[in-house]
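Data first, discussion second: the structure below is written as structure tokens.
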Amino acid sequence: MVSIDQLAKIKQRRMGKLQTAKMKKPPKWHPPSSLEREYMRVLFSLTNELKTLIKEIIIPALPSLILEVEQLYPTSPARGDDFSDALKRLINSVIHAIKGKVEETIAESKIIGVQVARYNKRQFDRINNSVFGIDIFIDQPWLQDQLKLFGSQNAQLIRSLPAQELEQVAQIIERGLQEGSRFHSMTQSIQERFGITRRRAKLIARDQTSKLNASLTKLRQQELGVEEYIWQTAGDERVRSTHKAHDGKKFRWDNPPKDTGHPGTDINCRCVAVPVLEGLLDI
């Protein structure tokens, strides 16, 4: 494995040959799809446990809560302060029960971050080796900061999954009790919330793995001296029209597209940046 400085010396010694040599086309840069799916699995495990706890702790308590409110207010709307304490106890019971799973999920998300970093380096090394025929060493002083940032941001997102879900469930129950809704109506609304939370977990997994991969791609390419890249989409029907319009076009790292930002930075973006290596080292 050689450093960038050593590569420059190699280039200087071979100048005559380099003038006629042809740069190989870099192979396709693949997004970390398998790690995205693994992160989804981790987050779905959390949302599934949350769903189970709501079904086991909150929903069985609703009939008695509804009956109590009906007895207190047989002809008039219920007041929230008459059942808020009981509702808070139910919500807090779920929060306490899910706490361990939340911390476990945060720990697993940090492992995912490390795996994304390793995957990104393998992609980077594969492309460089294919083009240059040698392994290239670059410093990575920014790597730990990137992983710490990923860890802290994802810890917040993971904690927000049960927090937002339970907040919405509490609002459904509170509104239902005040409006005199039946048990079936409330549970149906709660069931619909489960789907929303699962979709949000899926979005977090896809968006966060793509963003970390994109940040590391940019830093590694710039560390090597790459100034430009070719935009590469995922090539399927889910690609947005604005991103599809960039596919195959050349952009500079110091001048991101105004409508999308660099590949992988827009929310839920699966596009990647293929380095433009011409002029960097023509061997």
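The values are calculated or read from the model by the stated rules, or taken from the named source; none is laboratory data. Computed from a predicted model, the values in this text were never measured in an experiment. Cβ: placed from backbone, ideal geometry, glycine included. Neighbour counts: every protein chain shown.
Quick notes on this one:
- Reported count of residues in the range 119-164, each being more than 16 Å from P275 (Cβ to Cβ) and either acidic (D, E) or assigned to a helix (DSSP H, G or I) (or both), is 24.
- Within the range 150-186, the set of residues being surrounded by 14 or more Cβ atoms within 10 Å (Cβ to Cβ), out of contact with any Phe, Trp or Tyr (no Cβ under 7 Å at 6 or more places or on another chain) and closer than 16 Å to V69 by Cβ comprises A170, I172, I173, E174, G176, Q178, G180, S181, F183, M186.
- Selection within the range 233-249 - without any contact (Cβ under 8 Å) to a residue 60 or more places away in the chain and either under 24 Å from Y119 (Cα atoms) or among the small types (G, A, S) (or both): T233, G235, D236, R238, V239, S241, H243, A245, D247, G248
- Qualifying residue in the range 143-166 (condition: more than 22 Å from C269 (Cβ to Cβ), in contact (Cβ under 8 Å) with a residue 12 or more places away in the chain and aromatic (F, W, Y)): no
- Residue satisfying all of: in the range 182-226; of a type in the set (S, T, Y) and free of Cβ contacts under 8 Å to residues at least 60 places away in the same chain; nearest to A273 (Cα to Cα) among these: S189
- Residue selected from the range 113-149 under the condition of a type in the set (G, A, S) and surrounded by fewer than 19 Cβ atoms within 10 Å (Cβ to Cβ), by the criterion modelled with the lowest pLDDT: G133
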